[in-house]
Amino acid sequence: MVEELLHSQAGILNFGIFFLLAVVLLFVILGFVTYAILAERKVMGFMQLRQGPNQVGGRWGLLQTVADVLKLLLKEDTIPKLADKPLFIIAPVIAFAPSFIVMAAIPFTDKFQFADLGVGLLYYVAISGLTTIGMLTGGWASNNKYALLGGMRAAAQMISYEIPLVMSVIGIVLLTGSLNLNDIVAAQENVWYIVLQPVAFIIFLIASVAELNRVPFDLPEAENELVAGFHVEYSGFRWAMFMLAEYVYIFAMASLTTVLFLGGWHPLFSFLGFIPGAVWFALKFMCVFFLLLWFRSTFPRIRADKLMEFAWKILLPIALANIFLTAIIKEILNLF
Amino acid sequence: MEMLNLYQNNYLIVFVFLCLGILLPVVALFIGKLLRPYKPIKEKYTTYESGLDPIGDSRVQFNVRYYIFALMFVIFDVETVFLYPWAVAYEKLGIFALIEMMIFVFMLVIGLIYAWKKKVLKWI
């Protein structure tokens, strides 16, 4: 049915149907974010030998995040007098919107996906870069020294780590010969790219953690030096939008890692093929997500001066070398 | 015509996502506006600076390093713009394109090494 829809004349009706489907995805993502925050707090609690939330919603704290969101909704909204009001209001929207737009290109299974773009990978990279502007706008508009420092740091860090991130996936593009995420998954039917491109995977993982502004790369919002970074002055639901953007990006980035390196919806071994693709995708996705939580409770924050040098002096040369190594090996294999 | 429809529909989906991405914050903030209290006090609208009164405007001149990193970013981002189509079409282009791209990247790497030696990459 969807196949027919995709081939029909684009118009208002199609817009309406796509809109409803996208709303469904939006609620799935909001559900994920709600329980991702809970999972993060619980897992970190267990890793630090404490309980984590266990009061609201039973022993597992199942309603904790719901209560938090409702509380945020009821908070008074303050905009500092010295702030640049229009920019202050628009910044959370600029930060959030790209995080949701990138979801359009990600194929979850062979059936459950939205736009099948020819330039899917490039689309993801290009759109996700826009969030930096939201953070910088928020930091600048607040007219607060902490916020401005946080915003500038966020911009500097994200543009620095974007380069290794973008370059590490070129190895995959070389092997697949396509930017379409469906083609990339299809090419991993037998061997996943984590096996063929281990170096690229490590660079991608490090750079993606930095892009997500998570520990050990959470300098833009380092609590104990910048109070909260670019969103110091934000309160209530405007602040929640920044947080939401962050967690939606975790969803998007974990999905992208699964699609690019872990074979998307393909099973681990072909005899396990009777298990549906969606289950495989969810399993791999959760492994990546757990890895992010694990990082958070394991690594200390990286020093500000080491941060930039690490991106430009270590990750970038390795990523460049990886591209040409892949190309040369491919050329040699073609000879035989 | 068939392909054109497919193409248009795919980008229509992207447009739908754009609309939703903007709509969600707007709707959420509107609902929040109906629910949240509004009790303005002068102190609430001061800039936060750990309890002190902020001195001067916070939008001061910024370290030039940020600008230099932005320049470096532009250079290498343009490089990736060339690398992506090259990687896609590599199968058809073959070894000639590989050597060409190596020369191109080599020149940019010289730039990187120059910046490295000039201590541009060092963050103080």
### Task
Being more than 10 Å from chain B (Cβ to nearest Cβ) and not aliphatic (A, V, I, L, M) is the filter; apply it to the stretch A:121-138 and report the residue that is farthest from B:Tyr66 (Cα to Cα).
A:Tyr124
#### Entry: From B:Leu98, B:Leu108, B:Leu71, B:Leu52, residue being more than 10 Å from chain A (Cβ to nearest Cβ), within 25 Å of A:Leu121 (Cα to Cα) and out of contact with any Pro (no Cβ under 9 Å at 6 or more places or on another chain)
B:Leu71
### Message
With out of contact with any Leu (no Cβ under 6 Å at 6 or more places or on another chain) and part of a helix (DSSP H, G or I) as the only criterion, which of A:Leu13, A:Leu49, A:Leu82 stands out?
### Response
A:Leu13
### Query
Does A:Gln157 satisfy being open to solvent by less than 20 Å² (accessible area, probe 1.4 Å), part of a helix (DSSP H, G or I) and either of a type outside the set (D, E, K, R) or more than 12 Å from chain B (Cβ to nearest Cβ) (or both)?
yes
### Query
Residue check: is A:Leu21 within 9 Å of another protein chain (Cβ to nearest Cβ) and open to solvent by less than 30 Å² (accessible area, probe 1.4 Å)?
no
### Query
modelled with pLDDT of 90 or more, under 15 Å from the mean Cα position of the chain (by Cα) and not aromatic (Phe, Trp, Tyr), is that true of A:Leu256?
yes
### Query
Can you list the helices (runs of 4 or more DSSP H) found entirely within the stretch B:1-110 that contain at least 2 residues being open to solvent by less than 80 Å² (accessible area, probe 1.4 Å)?
B:2-35, B:64-88
### Query
Counting only residues that are free of Cβ contacts under 8 Å to residues at least 24 places away in the same chain and touching a Phe, Trp or Tyr at 6+ places or on another chain (Cβ under 6 Å), which one in the stretch A:264-323 is nearest to A:Tyr247 (Cα to Cα)?
A:Trp280
### Query
Identify, please: which residue in the stretch B:83-124 is touching a Gly at 6+ places or on another chain (Cβ under 9 Å) and not small (Gly, Ala, Ser) and is, among those, farthest from A:Leu175 (Cα to Cα)?
B:Lys92
### Task
Restrict the check to the stretch A:95-112 and report whether at least one residue is open to solvent by 20 Å² or more (accessible area, probe 1.4 Å) and at the interface with another protein chain (Cβ under 9 Å from one of its Cβ atoms).
no
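The values are calculated or read from the model by the stated rules, or taken from the named source; none is laboratory data. Only a predicted model underlies this, so the values are computations on that prediction, with no experimental measurement involved. With ideal geometry, Cβ positions are generated from the backbone for all residues, glycine too; neighbour counts draw on all protein chains shown. Just so you know, the surface numbers come from the protein's heavy atoms only, side chains and all, with ligands and any DNA or RNA stripped out. Shrake-Rupley method; radii C 1.70, N 1.55, O 1.52, S 1.80 Å.
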